[in-house]
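Remarks on the structure that follows.
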Amino acid sequence: MEITEHQIKLVQSTWEKVVPKSFEISQKFYGKLFEKYPNYKQMFKTDMREQGKKLMQMIGTTVLGLTNIGRVTPTLKESGIRHVGYGVTDDDYNKLKPILFWSFKDSLPDVFTDEVIDAWNITYDIISNIMIEGTKKEESIFMRVLKKTKFW
Ligand code: HEM
């Protein structure tokens, strides 16, 4: 998956606009997610404020690391493995994407133009592919250790 320098700049500059509104956006996002997919609700045990913060932090870390994605890859892979434990499937990543972008655009309609959304689409695919990839690698040490514990 290729992202251009220009697209990275677009994602990073628009992320700065998302940050001050990240609480509002994450609440909108989960509201819509549970409205559309009510059965996701039972997967979330953490307080939704906290959960929203974690989601936004992870996106922020990746967005700032886009020029050197290798640095955030291990964190994303480990989170991807934990997501399998929460019951998240590969297809769930596709379901979540349009809802996340809807919540961005709903709060910042002038910022999230088609060009910006295109750049974010690639970014989201990079994030989710790395998370999913982490669950597929046989050699994942984290996975092997996890499987030996009672938590798996
Ligand atoms: C780009 C995609 C995603 C990102 C960046 C992301 C980020 C995060 C982060 C940072 C956490 C905190 C704990 C951890 O890292 O394990 C988390 C937890 C969680 N995520 Fe995601 N996530 C993504 C996709 C999804 C999808 C598609 C689902 C499916 C509905 C999902 C469901 C959950 C659940 C159920 C938890 C645990 C909540 C709890 O502890 O109560 N996530 N996510």
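The values are calculated or read from the model by the stated rules, or taken from the named source; none is laboratory data. Here the structure is a predicted model, which means the values were calculated and not measured. Using ideal geometry, Cβ is built from the backbone for each residue, glycine included, and neighbour counts are taken over all protein chains shown.
Condition (residue is at pLDDT below 95 and more than 12 Å from the ligand (Cβ to nearest atom)) applied to segment 101-116: is it met by at least one residue?
The initial filter retains those residues of segment 101-116 that are at pLDDT below 95, namely none.
Within segment 101-116, not a single residue is at pLDDT below 95 and more than 12 Å from the ligand (Cβ to nearest atom).
If I ask for residues that are more than 9 Å from the ligand (Cβ to nearest atom), in a helix (DSSP H, G or I) and among the aliphatic types (A, V, I, L, M), which ones from segment 49-91 would you list? The answer is V63, L64, L66, I69, V84.
Restricting to segment 103-116, name every residue that is over 14 Å from the mean Cα position of the chain (by Cα), among the hydrophobic types (A, V, I, L, M, F, W, C) and assigned to a helix (DSSP H, G or I). Quick ask: steps written out before the conclusion?
Here is the first cut: in segment 103-116, the ones over 14 Å from the mean Cα position of the chain (by Cα) are 105-116.
If we keep only those that are among the hydrophobic types (A, V, I, L, M, F, W, C) too, we end up with 108, 111-112, 116.
Within segment 103-116, V116 is the sole residue that qualifies.
Residue count for segment 35-48 under the criterion of being part of a helix (DSSP H, G or I) and near the ligand (Cβ under 7 Å from one of its atoms): the result is 2. Scanning segment 117-152 for residues that are at pLDDT 95 or above and not in a helix (DSSP H, G or I) gives no hits. One residue stands out among those in segment 59-99 that are in contact (Cβ under 8 Å) with a residue 60 or more places away in the chain and either touching a Cys at 6+ places or on another chain (Cβ under 6 Å) or more than 15 Å from G134 (Cα to Cα) (or both): the one that is surrounded by the most Cβ atoms within 10 Å (Cβ to Cβ), which is T62.
Name the residues in segment 1-29 that are assigned to a loop (DSSP other than H, G, I, E, B) and of a type in the set (S, T, Y), would you? Within segment 1-29, T4 is the sole residue that qualifies.
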